[in-house]
Amino acid sequence: MIMEDLEQLRNSLMDEIAGSGDLDTLEAVRVRALGKKGAVTQHMKTLGGLEPDARKAAGQALNVLKDGLAAAIESRKADLAGAALSARLARETVDVTLPARPAPVGHIHPISQTMEELLAIFGEMGFSVAEGPDIEDDFHNFTALNIPEEHPARQDHDTFYLPPVEEGGARMVLRTHTSPVQIRTMQSVEPPIRIIVPGRTFRADSDATHSPMFHQVEGLVVDQATHMGHLKGTLIDFCRAFFGIEDLPVRFRPSYFPFTEPSAEVDIGCSREGGQLKIGHGKDWLEILGCGMVHPKVLQNCGIDPARYQGFAFGMGIERIAMLKYGMPDLRPFYDSDLRWLRHYGFLPLDVPSMVRGL
Ligand code: DAH
């Protein structure tokens, strides 16, 4: 083995290493030089046949060559990997100057939004949410609420009855109001009770302001010292928060519901000048909800002692208060799924109502 040969081998391998354009080519060079059958390895195998002095010199030279090649290969490898990474980063850059996504097309339906507003207001006052079934029995929808058989109030409800399961058996009803959830709650939890009940309700009635399916929210408070003053304070605060008018006039007008005694309807101030309804100050009044002190018979029907506990309740139509707040003239488009209407009256998904951020 002549030293010049090694020098030549070194030069040509170094050229090949430097000239490798990718990691695969470089690996092939490494195998050809340092692999089991590589040129340097082959030379190593000839060492055994040399004289001791020549073997030592050739061995050292080969080791230097081997280390030099290995270092050159590692360094070339690092360069190629770096270049590959740079190329990939360049390919995968994000153009941050691109415009944001187009405005979202989905909107929150006014009924959902109004329910969220109700939850925000009453949640702040310490109410929790209760729910009940859409299909009710006569007891929960009527009888327990002190609306006995043949009571004239039953006729007002335009009830949808389901066919009896057995011939001559009891008919279930699509609940005509959310009040049956009062009964279910009082039957199952001990006072103190402080709930609101949003939900679907059904009556056979249909025109510009009535739909056979609509939504109500019910409220119920039962405790040992609950009185009419609590009812008034709660509902005045609610009306003012919901309509966003701090000094909104609120009036309680005596009324009648079988499940409350005394009962009242709540009106808010408005003006109808020039045929346009404006909520706030004005000469007129607008009815928005029914309420009263829970009738002792209703407490009794649920196993609550009326000598110990008293309560108040209220109920209102969600579509109705939404129409008043947002100036919607007709109820029917609420259920038409007309995208033009939804875009106009709908709310942005991130406009979540809260008492802190405003409704
Ligand atoms: N359930 C009544 C209705 O559908 C609304 C109502 C009035 C509910 C007075 C109440 C209440 O809880 O106290 O017309």
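Are there helices (runs of 4 or more DSSP H) fully within segment 1-69 with at least 1 residues that are at pLDDT 90 or above, among the charged types (D, E, K, R) and closer than 27 Å to LEU80 by Cβ? List them.
3-19, 23-34
Quick check, is GLY269 small (Gly, Ala, Ser), in contact with a Pro (Cβ under 6 Å, 6 or more places away or on another chain) and either free of Cβ contacts under 8 Å to residues at least 60 places away in the same chain or within 16 Å of the ligand (Cβ to nearest atom) (or both)? It would help to see each step written out before you state the result.
Working: small (Gly, Ala, Ser): yes; in contact with a Pro (Cβ under 6 Å, 6 or more places away or on another chain): yes; either free of Cβ contacts under 8 Å to residues at least 60 places away in the same chain or within 16 Å of the ligand (Cβ to nearest atom) (or both): yes.
Yes.
Out of all the residues in segment 219-232, is one or more under 22 Å from SER128 (Cα atoms), touching a Cys at 6+ places or on another chain (Cβ under 7 Å) and at pLDDT 95 or above?
So far as segment 219-232 goes, yes, one or more of its residues are under 22 Å from SER128 (Cα atoms), touching a Cys at 6+ places or on another chain (Cβ under 7 Å) and at pLDDT 95 or above.
Quick grid of which residues meet (1) touching a residue at least 24 places away in the same chain (Cβ under 8 Å); (2) surrounded by fewer than 16 Cβ atoms within 10 Å (Cβ to Cβ):
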| residue | (1), (2) |
| --- | --- |
| GLU4 | no, yes |
| LEU9 | yes, no |
| SER12 | no, yes |
| ALA18 | yes, yes |
| LEU26 | yes, no |
| ARG32 | no, yes |
| LYS37 | no, yes |
| GLY48 | no, yes |
| GLY59 | no, yes |
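Residue-by-condition table, conditions (1) over 35 Å from the mean Cα position of the chain (by Cα); (2) surrounded by fewer than 20 Cβ atoms within 10 Å (Cβ to Cβ):
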position: GLY199; (1), (2): no, no
position: SER206; (1), (2): no, yes
position: GLN216; (1), (2): no, no
position: PRO249; (1), (2): no, yes
position: ILE268; (1), (2): no, no
position: ARG272; (1), (2): yes, yes
position: LEU277; (1), (2): no, yes
position: ASN301; (1), (2): yes, yes
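Is it the case that VAL105 is surrounded by fewer than 19 Cβ atoms within 10 Å (Cβ to Cβ), of a type in the set (A, V, I, L, M) and either within 14 Å of the ligand (Cβ to nearest atom) or assigned to a loop (DSSP other than H, G, I, E, B) (or both)?
It is true that VAL105 is surrounded by fewer than 19 Cβ atoms within 10 Å (Cβ to Cβ), of a type in the set (A, V, I, L, M) and either within 14 Å of the ligand (Cβ to nearest atom) or assigned to a loop (DSSP other than H, G, I, E, B) (or both).
Would you be able to tell me the number of residues in segment 280-298 that are surrounded by fewer than 21 Cβ atoms within 10 Å (Cβ to Cβ), touching a Cys at 6+ places or on another chain (Cβ under 9 Å) and touching a residue at least 24 places away in the same chain (Cβ under 8 Å)?
Total meeting the criteria: 4.
Would you be able to say whether some residue in segment 239-260 is aliphatic (A, V, I, L, M), part of a helix (DSSP H, G or I) and farther than 16 Å from SER179 by Cα?
yes
Among all residue pairs at least 6 apart or on different chains, which show Cβ distances below 7 Å where the first residue, located in segment 133-162, is touching a residue at least 12 places away in the same chain (Cβ under 8 Å) and the second is among the aromatic types (Phe, Trp, Tyr) and surrounded by 14 or more Cβ atoms within 10 Å (Cβ to Cβ)?
LEU145/PHE259; ASN146/PHE259; ARG154/PHE142; PHE160/PHE202
Is there a residue being closer than 20 Å to VAL181 by Cβ, more than 14 Å from the ligand (Cβ to nearest atom), touching a strand residue (DSSP E or B) at 6+ places or on another chain (Cβ under 9 Å) and in the same structural domain as PHE312 (by TED's automatic domain parsing) anywhere in segment 216-231?
Among the residues of segment 216-231, at least one is closer than 20 Å to VAL181 by Cβ, more than 14 Å from the ligand (Cβ to nearest atom), touching a strand residue (DSSP E or B) at 6+ places or on another chain (Cβ under 9 Å) and in the same structural domain as PHE312 (by TED's automatic domain parsing), which makes the answer yes.
Let's see how each residue does on (1) outside any helix (DSSP H, G or I); (2) surrounded by 10 or more Cβ atoms within 10 Å (Cβ to Cβ):
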position	(1), (2)
ALA87	no, yes
LEU98	yes, no
ARG101	yes, no
LEU118	no, yes
ILE121	no, yes
PRO133	yes, yes
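Just wondering, is there one or more residues in segment 228-236 that are assigned to a loop (DSSP other than H, G, I, E, B), in contact (Cβ under 8 Å) with a residue 60 or more places away in the chain and surrounded by fewer than 18 Cβ atoms within 10 Å (Cβ to Cβ)?
Scanning segment 228-236 turns up no residue that is assigned to a loop (DSSP other than H, G, I, E, B), in contact (Cβ under 8 Å) with a residue 60 or more places away in the chain and surrounded by fewer than 18 Cβ atoms within 10 Å (Cβ to Cβ).
The values are calculated or read from the model by the stated rules, or taken from the named source; none is laboratory data. Note that the coordinates shown come from a computational prediction; the quantities given were computed from them, not determined experimentally. As a convention, Cβ positions derive from the backbone with ideal geometry for all residues, glycine included, and neighbour counts pool all protein chains shown.
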